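Peer 1: After the structure tokens below, expect a handful of questions from me.
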Amino acid sequence: MQRWRGFDAIPRGWGRSVVTIGVFDGVHRGHQATIGHAVKRAKDLGVQSVVVTFDPHPSEVVRPGSHPAMLTEPARKAELIEALGVDVLCVVPFTPDFSRLPAEEFVHDILVEHLHAAVVVVGENFRFGHRAAGDVALLERLGRTFGFGVEGGPLVAADGTVFSSTYIRSCVDAGDVTAAAAALGRAHRLAGVVIRGDQRGRQLGFPTANLLCHRYAAIPADGVYAGWLVRDAARAGADGRTMLPAAVSVGTNPTFSGPDRRVEAYVLDFEGDLYGERLALDFVAHLREQRRYPSVEPLIEQMNEDVAQARRLLV
């Protein structure tokens, strides 16, 4: 997959293409359907498929301080999009000037002049241009003027729930990682670098990897979870495993009146040093809420049960 940063990266002599546009945070099942349709149409027409997305998130530019929780970091989003068979990922720097581009100019400058769109594939709720004034009906009218087709489809839903990034964020925020996974089509993933904590887990017999995450990362609600610790293939152990079962704690360690919210993973049956390593956690199931215990002994007893429950679910 080619990766472009802005439209200046488009190679000279670029031909026709099938284009789909969106933030695509999470690359969830709805996004997968839209992107997959664009890929299929491009193959049918014998042209390139192009996914246009934005960085930073448009909300942060239009309303500073409103950046939503991020389901997928840019690198992860690119990996997921590439896995769908896309030919080109074009990341457009979303600036204040770009945000003020009228809908008609957005279509002419981007879809027609730069990308030479033959077909534009969008969801039925697609909006574009300054103040999101453009909709699918306007896009279709402009397509007839400029000579490109517009193809959309219904939103993907199950049991009356439409899969959207907003919905998935609400699931993650509530700790319902099972519902989030159903909408994503895979487990919700949190990535970061392992940093040194206060070593309390090691003292209790449960050494943990303390994950420093992106400041906008969508971190699940406080609680204990079963999940998979995902390592880079280059870091795999002698057995070659890159996914290791883990019991994950999210919260402030209320028994010890911790001041900071942390994400800590106890990796089952693992011996080694993870400090400084960049890795990820895939959240599989919520096990329990965070609780304050009167002393260390009942906490250790509960931690043993957490690990046993995680083992039953994962191993």
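The values are calculated or read from the model by the stated rules, or taken from the named source; none is laboratory data. Since the model is a prediction, treat every value here as computed from it, not as a measurement. Every residue, glycine as well, gets a Cβ built from its backbone with ideal geometry; the counts of neighbours run over all protein chains shown.
Peer 1: For segment 60-72, which positions are over 16 Å from the mean Cα position of the chain (by Cα) and not basic (Lys, Arg)?
Peer 2: Correct list: GLU60, VAL61, VAL62, PRO64, GLY65, SER66.
Peer 1: Oh, and also: What is the one condition in (1) in contact with a Gly (Cβ under 9 Å, 6 or more places away or on another chain); (2) under 16 Å from PHE24 (Cα atoms) that ALA103 does not satisfy?
Peer 2: Unmet for ALA103, out of (1) in contact with a Gly (Cβ under 9 Å, 6 or more places away or on another chain); (2) under 16 Å from PHE24 (Cα atoms): (2).
Peer 1: Let me spell it out: the conditions are (1) in a helix (DSSP H, G or I); (2) crowded, with 19+ Cβ neighbours inside 10 Å, and THR166 meets all of them except one. Which number is the exception?
Peer 2: Only one criterion in (1) in a helix (DSSP H, G or I); (2) crowded, with 19+ Cβ neighbours inside 10 Å is unmet by THR166, namely (2).
Peer 1: Scan the strands (runs of 3 or more DSSP E) fully inside segment 1-110 and keep the ones with 3 or more residues being loosely packed, with under 15 Cβ neighbours inside 10 Å.
Peer 2: 2-5
Yes or no, residue by residue, for (1) touching a Leu at 6+ places or on another chain (Cβ under 7 Å); (2) of a type outside the set (Val, Ile, Thr); (3) not assigned by TED's automatic domain parsing to the domain that holds VAL18:
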residue	(1), (2), (3)
PHE54	no, yes, no
PRO58	no, yes, no
VAL61	no, no, no
PHE98	no, yes, no
ILE110	no, no, no
LEU115	no, yes, no
VAL121	no, no, no
GLY129	yes, yes, no
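Peer 1: Taking LEU139 as meeting all but one of (1) surrounded by fewer than 19 Cβ atoms within 10 Å (Cβ to Cβ); (2) assigned by TED's automatic domain parsing to the domain that holds THR20; (3) not in a strand (DSSP E or B), write down the number of the exception.
Peer 2: (1)
Peer 1: Going by the conditions given, is ASP260 farther than 16 Å from ARG231 by Cα and either surrounded by fewer than 15 Cβ atoms within 10 Å (Cβ to Cβ) or not aliphatic (A, V, I, L, M) (or both)?
Peer 2: So ASP260 passes the test.
Peer 1: Would you say THR53 is modelled with pLDDT of 95 or more, under 26 Å from ALA180 (Cβ atoms) and in contact with a Cys (Cβ under 9 Å, 6 or more places away or on another chain)?
Peer 2: Considered against the rule, which asks whether it is modelled with pLDDT of 95 or more, under 26 Å from ALA180 (Cβ atoms) and in contact with a Cys (Cβ under 9 Å, 6 or more places away or on another chain), THR53 comes out as yes.
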